[in-house]
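Engineer: Sharing a structure here in structure tokens format.
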Amino acid sequence: MTLYGEIRSLAEKKNALILAHNYQNPQIQDAADHVGDSLELARVAASNSASIIVFCGVHFMAESAYILSPSKKVLLPDITAGCPMADMVTAAALRAKKKELPNAKVVTYINSPADAKAESDVICTSSNAVKIVQNIDADEILFVPDKNLGNWVSRFTDKKIHLWDGYCPIHALITADEIIRIKQEHPDALLMVHPECSPEIINLADEVFSTGEMVRFVQKTDKKKIIVGTESGMIHKLKKAAPDKEFILASENFFCKNMKKTTLEKVLAALKSEEPVVTVPDETADRARLALEKMLELSR
Ligand code: SF4
């Protein structure tokens, strides 16, 4: 039997659901039951009757899935797959900042550790961050940890936004020169980028979208050629969503080595051993869940 076949048959036997983030390698995406962004996947995990979730992504995503569905066993095939941006905020540092800014409400990007979520008023994703900041009952916001997403959000509100000094090192690698060059090479292409890119890159883009919005956009646009300014795994997802279109990765630097740590071999090993398991202490999970539920309420 192929590796793919072994994974699928063991997943069925053990009532396990395989979830893959949009940035995973193509073979992982193809072996998964669902491919999506971190929130879509956490929601699928929570609404599904599977007893095991194999989360092909990075640590904070598996934590979010556990927080929303604590009765399930959540496995992360490579326990060292972390997110450097999520690691740029700690609960202790956030508590200290909250003391400095007593009037600010804390809006925390889902790319954050569970204990930082627990210190937050509300969580956001890249697709609902603007709406959350607009709808939250506060004129002063502490936006954590992605300063680039926070900067993007600040273009749509008059509220005072304090930015945490965090960022995605992958999206930060892209230079304006690279973008200008690729636009010149493909003058007939549209450029769409993720809001984790720096303001300089965003200013050069035709569209700024979360990964979920990118998928929906390419399915309906008349544009045939699209330059994609986000992690390389997205190209596979977009080609499947719109096979008639041409997608060009804006830069070879869009490669998250943490996302690419998941392999089919590790997925099979996780299914066999039911390890490594990701959990969150009850008290932290309960508080983080409140912030996640607040997001669902404010993004309606
Ligand atoms: S692409 Fe950036 S934000 Fe996403 S997991 Fe990798 S380091 Fe974290």
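The values are calculated or read from the model by the stated rules, or taken from the named source; none is laboratory data. Everything numeric here is computed off the predicted structure, so don't read it as measured data. Cβ: placed from backbone, ideal geometry, glycine included. Neighbour counts: every protein chain shown. Side chains are part of the model used for accessible areas, which takes the heavy atoms of the whole protein and leaves out ligands, DNA and RNA. Shrake-Rupley method; radii C 1.70, N 1.55, O 1.52, S 1.80 Å.
Engineer: Over region 171-249, with every protein chain in place, what whole percent of the accessible area is carbon and sulfur at 1.4 Å, could you tell me?
Structural biologist: 49 percent
Engineer: Considering only protein heavy atoms, what per residue accessible area in square angstrom results for region 142-220 with a 1.4 angstrom probe?
Structural biologist: With all protein chains present, region 142-220 gives 45 Å² per residue.
Engineer: Give the shape of region 1-142 as rounded, prolate or oblate, defined through the alpha-carbon gyration tensor: a ≥ b ≥ c are the square roots of its eigenvalues, a/c under 1.5 means rounded, and otherwise the shape is prolate if a/b is larger than b/c and oblate if not.
Structural biologist: Cα axes put region 1-142 in the prolate bin.
Engineer: Heavy atoms only, probe 1.4 angstrom, no DNA, RNA or ligands counted: give me Asp206, Asp33, Asp158, Asp165 ranked by accessible area, highest first.
Structural biologist: Final ranking, largest accessible area leading: Asp158, Asp165, Asp206, Asp33.
Engineer: As a quick test, which of the pairs Lys98/Lys147; Lys105/Lys159; Lys183/Lys240 have an alpha carbon distance above 19 angstrom in this structure?
Structural biologist: Over 19 Å Cα-Cα: Lys183/Lys240.
Engineer: Let me ask something else. Within region 74-103, name every residue whose backbone N is under 16 Å away from a label modeled 7 Å from Cα of Arg287 along the Cβ vector.
Structural biologist: Of the residues in region 74-103, 89-100 have backbone N under 16 Å from the label point off Arg287.
Engineer: If the cut-off is a Cα-Cα distance under 20 Å, which lysines reach Lys257, setting aside same-chain residues fewer than 8 apart in sequence?
Structural biologist: Lys237, Lys266
Engineer: Of the beta bridges DSSP finds with both residues in the chain, what % are antiparallel, to the nearest 5?
Structural biologist: Taking every DSSP beta bridge within the chain, about 5 percent pair in antiparallel fashion.
Engineer: Just check region 97-228 against the gyration tensor rule for me: Cα atoms, a ≥ b ≥ c as the square roots of the eigenvalues, rounded for a/c under 1.5, and otherwise prolate or oblate depending on whether a/b exceeds b/c.
Structural biologist: It is prolate, given that a/c is not under 1.5 and a/b is the larger ratio.
Engineer: If you take the square roots of the eigenvalues of the alpha-carbon gyration tensor of the chain and sort them as a ≥ b ≥ c, do you get rounded (a/c under 1.5), prolate (a/b over b/c) or oblate?
Structural biologist: Oblate, since a/c reaches 1.5 and b/c is not below a/b.
Engineer: Another question, then. List the relative contact order of region 171-249 as a percent without decimals, with contacts defined as Cα pairs under 8 Å and 6+ residues apart.
Structural biologist: Relative contact order here is 29 percent.
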